[in-house]
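Notes follow once the structure below has been shown.
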Amino acid sequence: MIHDAIKSCSYHRRRSRKYNSAQTALGNAVDTISGKVDTINTHIDNVLKDAPTKLKVSVRVDDVDWKKIQDMFDKQHEWMTTQMQKHIREVNQMFYEERRRVQERYKEYDGTYLGHYVQYFFWFFFVLGLVIFGLAIFLMLDSHYHWTK
């Protein structure tokens, strides 16, 4: 049994050494790849830094081709305008339908809008109350100062 324990311990030490050497090899490979990636990134940065001064592009377009480009642009612009008008019409229709639904909520069964009559009812009694209040004040002052005699 001791022999098996020593054998097992030796086996685990060998495995541990192999693991450590594999880990070291992997670390070295990662460092090498990282260095190459950094070199590539530096090269790309240098190329991009010099690109505006080294790259010059000029384009010549014939009148016929320019006309085609302009026609394509006009068609695209017309299509976009049509789509926007269609969208605006749809939104306006949605608002119209929502307004109709709200008006339906506030209508009585016979189709009379109650808010209209309630408003007249309120204003009638409010004004009547103000007139009576003003008349009462006037009559009290009149009884004291005798304005109407």
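Laid out as a table, the results:
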{"read-out": "Counting all C-alpha pairs of the stretch 18-106, share separated by more than 18 Å (%)", "value": "78 percent"}
{"read-out": "Ellipticity estimate at 222 nm from DSSP helix runs (n ≥ 4, -39,500 (n - 2.57)) divided over the chain, nearest 500", "value": "-32000 deg cm²/dmol"}
{"read-out": "Kyte-Doolittle mean at least 1.0, axial Cα span of 24 Å or more - DSSP H helices of the chain", "value": "114-145"}
{"read-out": "Residues of type lysines that residue 18 reaches as a straight line, Cα spacing below 18 Å, ignoring anything fewer than 8 places off in the same chain", "value": "7"}
{"read-out": "Label-point separation in nm, residue 103 to residue 79, each point 7 Å along Cα→Cβ", "value": "3.9 nm"}
{"read-out": "Cα gyration tensor shape for the stretch 7-49, rounded if a/c is under 1.5, else prolate or oblate", "value": "prolate"}
{"read-out": "Accessible-area composition of the chain, carbon plus sulfur, in percent [1.4 Å probe]", "value": "64 percent"}
{"read-out": "Counted charge near residue 83, where neighbours are those whose Cβ lies closer than 14 Å (Asp, Glu -1; Lys, Arg +1)", "value": "+1"}
{"read-out": "Farthest toward positive dipole pole in the chain [+1 Lys/Arg, -1 Asp/Glu at C-beta], among 138, 61, 84", "value": "61"}
{"read-out": "Inter-site label distance for residue 91 and residue 11 at 7 Å from Cα along Cβ, in nm", "value": "7.6 nm"}
{"read-out": "Candidate values [x] 134, 83, 45; [y] 50, 32, 25; [z] 41, 36, 29, label of the one derived for Cα extents along the principal axes in Å", "value": "[x]"}
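The values are calculated or read from the model by the stated rules, or taken from the named source; none is laboratory data. All figures in this text were calculated on a predicted structure; none of them were measured in a lab. Glycine also receives a Cβ, built like all others from the backbone with ideal geometry; neighbour counts cover every protein chain displayed. The accessibility values were calculated without ligands, DNA or RNA, using every heavy atom of the protein model including side chains. Shrake-Rupley method; radii C 1.70, N 1.55, O 1.52, S 1.80 Å.
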